[in-house]
1. Taking the Cα of B:LYS61, stepping 7 Å toward and past its beta carbon, and measuring to each backbone N in segment B:1-20: which are under 20 Å?
2. Calculate the dipole size of segment A:34-191 relative to its Cα centre from +1 charges on Lys and Arg beta carbons and -1 charges on Asp and Glu beta carbons; express the result in debye to the nearest 20.
3. Report, ordered by chain and residue number, the lysines lying within cross-link reach of A:LYS205, taken as a straight Cα distance under 25 Å and ignoring same-chain residues fewer than 8 apart.
4. Can you run phi through the Karplus equation (6.51, -1.76, 1.60; θ = phi - 60°) for segment A:105-114 and list ³J(HN,Hα) in whole Hz, with x for Gly and Pro?
5. Regarding segment A:83-238, what is the average projected area of its C-alpha convex hull, in nm²?
6. Can you pull a Stokes-Einstein diffusion coefficient for segment A:117-183 at 25 °C (0.890 mPa s), Rh from Kirkwood over Cα pairs, as a whole number of µm²/s?
7. Given +1 on the Cβ of Lys and Arg, -1 on the Cβ of Asp and Glu, and no further charges, what dipole in debye does the protein assembly as shown carry about its Cα centre, rounded to the nearest 20?
8. With r as the distance between the Cβ atoms of A:TRP39 and A:ASP66 and R0 = 35 Å, compute the FRET efficiency 1/(1 + (r/R0)^6) and round to 0.05.
Amino acid sequence: MLTTFITNSPILASIVITLITIATYQFAAACQQKWQYIWLNPMLFTISILVPFLLLTEINYQQYSDKTQILNLLLEPALVALGLPLYQQLKQIRFYWREMTAILVLGITVVIIVSFMLAMWLIKAPEIAIALSLKSVTTPIGITLTEQLFGDSSITAFAILIAGLFGALLGPQWLSFIGVNSAKAQGLAIGSASHVIGTAVLVRKSAEHGAYSSVALILSAVLTALISPWLIPLLQKLFY
Amino acid sequence: MNNVLYTIFVISISLLLGKLANYLLAALPASLYGMIIYALFLQLNWFSIEKVTKTNQWFIKHMGVCLVPAGMGIINHFELIQQHGLALVVIIFSTTFILLTVIGYLSERFLITPDNHQTNTTADSK
C-alpha cells in the first residue's frame, strides 16, 4: 500500500516519511533527556524503530533515502555550523596547540592505518575498510569523509556509534587503569576516541574534563579531515 | 528572527566559499572547507558572534536527525553483519582502545600546559 503511495504521490510521500523520521528522532531525544542513559542514543533509537518500519511497509532503502533527501542536503550547512565550536575551542588551545596537534596527528594516523589493515585482513572489502578507518570522528564529519572517499557511510555511522559507546562506558576506567589520571589527558583521549557521546559522559566528571574533551573532538575531526584524503588512498594502493 | 536570517546568511556564504575551495583545491569536502571558513570569519570578527550563537546552537542540537538517513543504510548490510559481525566489533573495539591509550598516555606524559609547567604569565605573553 505504502509503496504505491510513494510512486503515485512522490512529494507528499517525501513529506510524510521525512516527518516520521523527525518525529521519531525528537521522541528519542526527549527520552534521552528524561532518563539520561548513554545507550539511549537518539540515532540508534530512531534507526532501530525505522528499520522494522521499512521492512514491514516494504519500502526499500533507495526509496527511503530518496524521500528523505532534504535531511541529507541539510547536513552540509549543519556541518558548517560546527565552525562556531571550532572557533571557541581554538581560543582555548592557543597556548599549547603544537603539542596537542602532534599527539592527535600521531594517534589518528596510527588508528587509520591499524583499522584499515585489520579490516582488509579480516573482511577484505575496501569500502568497509574505509568506513572503519574513519570511525574516530564525530558522525557528520565521518559520514562526509567516507562518502568522499567512496566508503560505505552507513557502516561509518554505526562504527562511530559503537566506538562512542565503548569509550564512554569503559574509557575512563581503562585510562585510570593504565595510569592516565589527569583531566587533560583523559579529556583528550575520550574526546578523540568517543567524540560527542564520550564528551557528554565526561563532562559530568568535571568542567575541565569536558573542555579538553570537546577540544579533542573538534581538533581531531579537522585533523582527520586533513590526513585521511591523503593517507587512505595511499593505503588502498598498498593493497592492490 | 533577524538573527536567524543573519546566521543562515553567514553559514550560506561560508558554504558557498567552501564549494569554491573544494572546486579549486579538491582534497576536503566542501562542507569542511565551509566550517573552517566560518570559524575564520568569526575569528576575524567579520561577522558578529553574539548574533549567530543562539541559532547556531539550535542547529547543532538538532543536526543529529540529518544523520539518520545515512545510518539507515545499515538495512542493506544484514548479510555483512551476519558474516562479519564479530570482526567488525573486534576492529572497532581494539582500535578505539589503541586510540585511547596512545592519546591518553602521550598527553599525560608530554602535554605541557600552562597550569603545570609554565606560569600563566609566561604563557600569556606568548
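1. Counting backbone N atoms under 20 Å from the label point, the list is B:1-9, B:11.
2. Numbers: 8 positive and 7 negative charges, 123 e Å.
The calculation lands at about 580 debye.
3. A:LYS34, A:LYS91, A:LYS135, A:LYS184, B:LYS61
4. 4, 4, x, 5, 4, 4, 5, 4, 5, 5
5. On the way: hull surface 35.4 nm².
Mean projected area for segment A:83-238: 8.9 nm², to one decimal.
6. Working: Rh = 12.8 Å.
Rounded to a whole number, D works out at 192 µm²/s.
7. On the way: 17 positive and 13 negative charges, 115 e Å.
Here the size comes out at about 560 debye.
8. Numbers: r = 31 Å, r/R0 = 0.88.
Efficiency, rounded to the nearest 0.05: 0.70.
Any read-out appearing in this document is the output of simple, stated calculations on the displayed coordinates, not a laboratory observation. The structure presented is a predicted model; accordingly, all values stated were derived computationally and were not measured. Counting neighbours? That spans all protein chains shown, and the Cβs are built from the backbone with ideal geometry, glycine included.
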